[in-house]
Amino acid sequence: MLKIIAAWLLFLGILCKYMLSQLGLCRRPRFTDHVAPMRIVTGQLYGWKRLRVVDAAHCPRENPALFVSNHVRLDDPHMVWPAVYDASQGRIEIRFMMRDDFFRGFPWKWLPIRLDEIAEMAGAYRISRDHIQLSQVKPFLQILETPGSFLMFPAGTRSRSGLLMEYRPGREDPGGASFFIAHAQRRHPERRVAAVPVCRTYNPVSRQTTVVFGAPAYLKIPADRDALRRFDHELVALSLIHISEPTRPY
């Protein structure tokens, strides 16, 4: 109980410090500097008692790793990161890729806090959907080189049809996980970046989330453009195929 109280006090303190940073009185704090207590708070906020992790043995125990997931709900990052954190025994704290225009316009601009800044404090790095800039790509390259790990949604949008994965209109290829991996392994050939397929499902009746880990894939370097494209497609297929196979709960 004391740990829970301390975690909530720290959470509220970070929010207060954020409000002070809006007035220019201090630097903006980060939730990611306090992972263990934030896991307690967000676990209660998001109902992680209903989170089921399957095939946790597939999750790497060391960085670097790139987690590739389907996208079915807005809270996907908040369900995948505790699954990774627990499955890796607290060794991997993922960051995640987020489009930079989600919190623009009504009703977000009328809120007293900027939710895109809150997302950044929680580990989000924003990137454009159609006009990606080098400055937006660099943080993800640096994460893998640190080494660290991050989560991306290669479909580029949430599924709205009930399918496990759905691409944006006019888009046929998944986002390029292979690009980030190839760059990191060229810079540090002694490291292998694990590409980990992840699938999240949600039962609206029981409100239970299941996060399934697939076996990690590894990109062979050097690889031409066709090999990179095949790797991305195979990685997406792996993230979906495991949900239909017999699985072992964690």
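Restricting the search to the stretch 52-71, which residues are buried (at least 23 other Cβ atoms within 10 Å of the Cβ) and in a loop (DSSP other than H, G, I, E, B)?
Within the stretch 52-71, Cys59, Pro64, Asn70 qualify.
Scan the stretch 11-33 and tell me whether some residue there is of a type in the set (Phe, Trp, Tyr), within 22 Å of Gly214 (Cα to Cα) and open to solvent by less than 60 Å² (accessible area, probe 1.4 Å). Walk me through it before giving the result.
Kept after step one, since they are of a type in the set (Phe, Trp, Tyr), are these residues of the stretch 11-33: 11, 18, 31.
Narrowing further to those that are within 22 Å of Gly214 (Cα to Cα): none.
No: zero hits.
Is it true that some residue in the stretch 38-51 is at pLDDT below 95, among the aliphatic types (A, V, I, L, M), in a loop (DSSP other than H, G, I, E, B) and open to solvent by 60 Å² or more (accessible area, probe 1.4 Å)?
The first filter runs over the stretch 38-51 and keeps only residues at pLDDT below 95, leaving 38-51.
Filter once more, so that each one left must be among the aliphatic types (A, V, I, L, M): 38, 40-41, 45, 51.
In the following step, the residues that additionally are in a loop (DSSP other than H, G, I, E, B) were identified as none.
No, the stretch 38-51 contains no residue that is at pLDDT below 95, among the aliphatic types (A, V, I, L, M), in a loop (DSSP other than H, G, I, E, B) and open to solvent by 60 Å² or more (accessible area, probe 1.4 Å).
Pairs please, first residue from the stretch 217-233 and hydrophobic (A, V, I, L, M, F, W, C), second anywhere and outside any helix (DSSP H, G or I), Cβ atoms under 6 Å, 6+ apart in sequence or on different chains.
Qualifying pairs under 6 Å: Ala217/Ala195; Phe231/Leu219.
Can you name the condition, by its number, that Arg248 falls short on among (1) under 17 Å from Ala87 (Cβ atoms); (2) at pLDDT 70 or above; (3) surrounded by fewer than 12 Cβ atoms within 10 Å (Cβ to Cβ)?
(2)
Can you say whether Arg104 is basic (Lys, Arg) and modelled with pLDDT of 90 or more, as far as the supplied structure shows?
Values: basic (Lys, Arg): yes; modelled with pLDDT of 90 or more: no.
Taking the combined requirement at face value, the residue does not satisfy it.
Which of the residues that make up the stretch 92-119 are open to solvent by 60 Å² or more (accessible area, probe 1.4 Å) and under 26 Å from Ala194 (Cα atoms)?
Of everything in the stretch 92-119, those that are open to solvent by 60 Å² or more (accessible area, probe 1.4 Å) and under 26 Å from Ala194 (Cα atoms) turn out to be Glu93, Arg99.
The values are calculated or read from the model by the stated rules, or taken from the named source; none is laboratory data. Since the structure is predicted, the reported quantities are computational estimates derived from the model, not experimental observations. Note that each Cβ is placed from the backbone with ideal geometry, even for glycine, and that neighbours are counted across all protein chains shown. Heads up: the accessible areas ignore ligands, DNA and RNA and are worked out on the full protein's heavy atoms, side chains in. Shrake-Rupley method; radii C 1.70, N 1.55, O 1.52, S 1.80 Å.
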